[in-house]
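The values are calculated or read from the model by the stated rules, or taken from the named source; none is laboratory data. Here the structure is a predicted model, which is why all the values come from computation and not from measurement. Cβ: placed from backbone, ideal geometry, glycine included. Neighbour counts: every protein chain shown.
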Amino acid sequence: MSRTKVAIIGAGPAGLLLGQLLHTYGIDNIILERQTPDYVLGRIRAGLLEEGTVTLLGEVGAADRAHREGLIHHGVELAFGGVRHRIDMTAATGKTVMIYGQTEVTFDLMTARSAAGLATVYQAADVKPLDFDTDRPRVSYVKDGVGHEIACDFIVGCDGFHGVSRASVKPSAIRTFERIYPFGWLGILSETPPVSPELIYTNHERGFSLCTMRSTHRSRYYVQCSLDDRIDQWSDDRFWDELKRRLDEKTADNLVTGPSIEKSIAPLRSFVAEPMRFGRMFLAGDAAHIVPPTGAKGLNLAASDAHYLSLALREFYDEKSSAGIDGYSEKALCRVWKAVRFSWWMTAMLHRFPDNEGFGARLQLAELDYLVSSKAAIASLSENYVGLPY
Ligand SMILES: Cc1cc2nc3c(=O)[nH]c(=O)nc-3n(C[C@H](O)[C@H](O)[C@H](O)COP(=O)(O)OP(=O)(O)OC[C@H]3O[C@@H](n4cnc5c(N)ncnc54)[C@H](O)[C@@H]3O)c2cc1C
């Protein structure tokens, strides 16, 4: 049996950032990850970072490349009725967001972790958080067919929505809140220049679309699709045709198409588990909550959870105070629910719902029209989009 202060399950953004923050506070930790590093790096997911997330990456020495290669955005565009409207977020808030892919964030955090010589066990099978309702929690796992155990002070479940940590909590100790949306996002990644320097969110009668990017030469596009759709029904040509039909004429004309280098369908879901602490086990990131990607909040919430929890654990070790860990769940959930609300609101305003053909569609257009013409509404959208303060 080995020993550490904090055993972290999952080497996604939440686990890797938490591990680095704890390390900078002198708190030793081990990360257990089910997959290989290449598999983790191969998952194409989020791509928009709030300033607070970039600051946290800087605190752990993992933001140099993001500052060099990330694209700073000062606004977004909302398109409806065939017209694009720019929202100047920097004018409204003084803040910006950064385009920098989750794969790059993960790579930079992995590099920082291995440079610091910190332990990460990849391909750890059958990971089990144990005895977290006692003062002596443990985590067991199997590596190369051999069973291991880690004794620790705390366990943190950073193992995503389908992870083992939340599933190990007895049902009577946890409450969940969920909304499943009646559509998904079909996404394509292509080695083509973005159609526009900033993101374009489009409300269209054929369904929502989003033009985003990962760099000046790599684009990411999404179209709302049916939950019954399968990826093999969507050739690249069909995807580009559908996207063009949802864009205004000028944008469609400017769109540079090319072969997809990744294509996937993601269902949209809002989910929150309460609380985020169970004795000596905490949850952070997607293990505790999921938001639809419309608000670009999933990765950023994983970062704010890691921030709150690392400060709470520092207080526990440095000041011998449990106040931080006792307040973690409430503090994190307060920010989580605001991001859940914002992501739900963006989703509701921009997508085609089965029951909003008439009245609902008109309300969406009225809301969008109000939004782009009201200083107060622009300020509200902007301050949520760039990220609420920690
Ligand atoms: C298809 C998809 C597209 C997305 N697009 C966007 C987007 O455009 N914008 C946005 O903001 N967010 C997006 N998200 C959400 C964002 O990617 C997540 O919020 C973010 O990855 C959360 O980080 P995390 O570390 O909490 O969880 P994850 O990134 O899920 O990491 C969890 C880690 O735990 C590991 N793990 C799981 N089970 C175990 C186990 N039993 N034992 C050990 N390890 C385990 C997993 O392998 C994984 O590496 C998307 C998510 C998905 C799934």
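Things to note:
- Across the stretch 150-176, the qualifying residues are those that are under 22 Å from the mean Cα position of the chain (by Cα) and assigned to a strand (DSSP E or B), and the one among them that is surrounded by the fewest Cβ atoms within 10 Å (Cβ to Cβ) is Arg175.
- Hey, Val223 hydrophobic (A, V, I, L, M, F, W, C), in contact with a Leu (Cβ under 8 Å, 6 or more places away or on another chain) and more than 26 Å from His73 (Cβ to Cβ) or not: no
- Applying the criterion of being more than 15 Å from the ligand (Cβ to nearest atom) and charged (D, E, K, R) to the residues of the stretch 1-60, the residue that is farthest from Phe316 (Cα to Cα) is Glu59.
- Of the numbered criteria (1) in a helix (DSSP H, G or I); (2) of a type outside the set (Phe, Trp, Tyr); (3) out of contact with any strand residue (DSSP E or B) (no Cβ under 9 Å at 6 or more places or on another chain), the one Ser321 fails is (1).
- Any hit, the stretch 66-83, residues being within 22 Å of the chain's Cα centre (by Cα) and of a type in the set (Phe, Trp, Tyr): no
- Which listed residue is over 22 Å from Leu189 (Cβ atoms), touching a strand residue (DSSP E or B) at 6+ places or on another chain (Cβ under 8 Å) and away from the ligand (no atom under 14 Å from the Cβ), from His67, His85: His85
- Meets criteria (of a type in the set (A, V, I, L, M), part of a helix (DSSP H, G or I) and within 21 Å of Arg45 (Cα to Cα)) for Ala302: yes
- Residue count for the stretch 338-390, restricted to those that are of a type in the set (Ser, Thr, Tyr) and surrounded by fewer than 14 Cβ atoms within 10 Å (Cβ to Cβ): 3.
- Here Asp131 clears all of (1) within 24 Å of Tyr308 (Cβ to Cβ); (2) more than 16 Å from the ligand (Cβ to nearest atom) except the condition numbered (1).
- When we screen Ala266, Ala273, Ala252 for residues that are of a type in the set (Gly, Ala, Ser) and in a helix (DSSP H, G or I), the only hit is Ala252.
- Test result for Ala125, away from the ligand (no atom under 15 Å from the Cβ) and of a type in the set (Gly, Ala, Ser): no
- Among residues that are part of a helix (DSSP H, G or I), among the polar types (S, T, N, Q) and surrounded by 19 or more Cβ atoms within 10 Å (Cβ to Cβ), Thr90 is not included.
- Considering Thr192, Thr202, Thr257, the condition of being touching a helix residue (DSSP H, G or I) at 6+ places or on another chain (Cβ under 8 Å), surrounded by 14 or more Cβ atoms within 10 Å (Cβ to Cβ) and farther than 24 Å from Arg352 by Cα is satisfied by Thr257 alone.
A quick yes/no check of all residues on (1) surrounded by fewer than 24 Cβ atoms within 10 Å (Cβ to Cβ); (2) within 13 Å of the ligand (Cβ to nearest atom):
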| residue | (1), (2) |
| --- | --- |
| Ser264 | yes, yes |
| Arg269 | yes, yes |
| Phe278 | yes, no |
| Ala284 | no, yes |
| Val291 | no, yes |
| Leu301 | no, yes |
| Asp305 | no, yes |
| Ser310 | no, no |
| Tyr317 | yes, no |
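- Residues in the stretch 104-130 that are farther than 15 Å from Ala303 by Cβ, modelled with pLDDT of 95 or more and outside any strand (DSSP E or B): Phe107, Met110, Thr111, Arg113, Ser114, Ala115, Ala116, Gly117, Leu118, Tyr122, Gln123, Ala124.
- All of Arg206, Arg179, Arg220, Arg214 fail the test of being over 21 Å from the mean Cα position of the chain (by Cα) and of a type in the set (Lys, Arg), apart from Arg206.
- Listed by first and then second residue, the pairs linking a residue in the stretch 124-135 that is without any contact (Cβ under 8 Å) to a residue 40 or more places away in the chain to a residue that is within 13 Å of the ligand (Cβ to nearest atom), with Cβ atoms under 7 Å apart and 6 or more places separating them unless they lie on different chains, are Asp126/Tyr141; Asp126/Val142; Leu130/Val139; Leu130/Ser140.
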